[in-house]
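Written out below as structure tokens is the structure these notes cover.
Only the coordinates and a few stated rules stand behind these numbers; no lab work does. Note that the structure is predicted; figures quoted are calculated from it, not measured. Because the Cβ atoms are built from the backbone with ideal geometry, glycine has one as well, and the counts that use them run over all protein chains shown.
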Amino acid sequence: MTESFTDATTLPWAPLSPGLSLKLLRGAPGDRVRVLLLRLEPGTVVPRHRHEGEVHAYNLAGRRRLRDGREVGPGGYVHEPAGNVDTWAAVGDEPVVLHVVVEGALEYLGPDGSVVRRSDNRSVHEAWERALAAGPSGVRP
């Protein structure tokens, strides 16, 4: 297998939903792991979700408030084990930019704990391609 290189500075931010955009660095539909840059505008909330696998998130810019009230700023690293349920929000005056490594799917949960939407490498890859094709207005995955 050959190593791969991506110049993330040349990739556009693909808007997926209001206040949320991403750059897909790695993660083909059949892969188990995806590597992303996420950008959330101030005030954007990531809905409550459960992780099928581990997540590693490193804050590059901005601040985010975790479910338990802790704030993570630039240079902060958060590990989320498989099965973790969380939600978090971008706080402050600048966008949050994260480098994220995600293993497996995410299940977005309704108020009663039921799964309302599932996100995996296939759906993220498809959403990335749709958002790029749609241009700056973006689409919801």
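Numbers for the structure displayed
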quantity: Residues located in the range 67-81, provided they are under 20 Å from Tyr108 (Cβ atoms) and more than 14 Å from the chain's Cα centre (by Cα); calculated: Arg67, Asp68, Pro81
quantity: Filtered residues of the range 5-28 (kept if touching a residue at least 40 places away in the same chain (Cβ under 8 Å), part of a loop (DSSP other than H, G, I, E, B) and farther than 19 Å from His51 by Cβ); calculated: Pro12, Gly19, Ala28
quantity: Flag if Val97 is touching a residue at least 40 places away in the same chain (Cβ under 8 Å), touching a strand residue (DSSP E or B) at 6+ places or on another chain (Cβ under 9 Å), part of a strand (DSSP E or B) and closer than 18 Å to Leu36 by Cα; calculated: yes
quantity: Residue list for the range 24-49, filter: surrounded by fewer than 18 Cβ atoms within 10 Å (Cβ to Cβ), in contact with an Asp or Glu (Cβ under 9 Å, 6 or more places away or on another chain) and under 16 Å from Val124 (Cβ atoms); calculated: Pro29, Arg32, Val33
quantity: Residues being part of a loop (DSSP other than H, G, I, E, B) and under 20 Å from Ser21 (Cβ atoms) - total across the range 42-67; calculated: 4
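Here's the yes/no breakdown for (1) loosely packed, with under 13 Cβ neighbours inside 10 Å; (2) in a strand (DSSP E or B); (3) touching a strand residue (DSSP E or B) at 6+ places or on another chain (Cβ under 8 Å):
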site	(1), (2), (3)
Gly69	yes, no, no
Asp86	no, yes, yes
Ala89	no, yes, yes
Asp93	yes, no, no
Val101	no, yes, yes
Glu107	no, yes, yes
Asp112	yes, no, no
Arg117	no, yes, yes
Ala127	no, no, yes
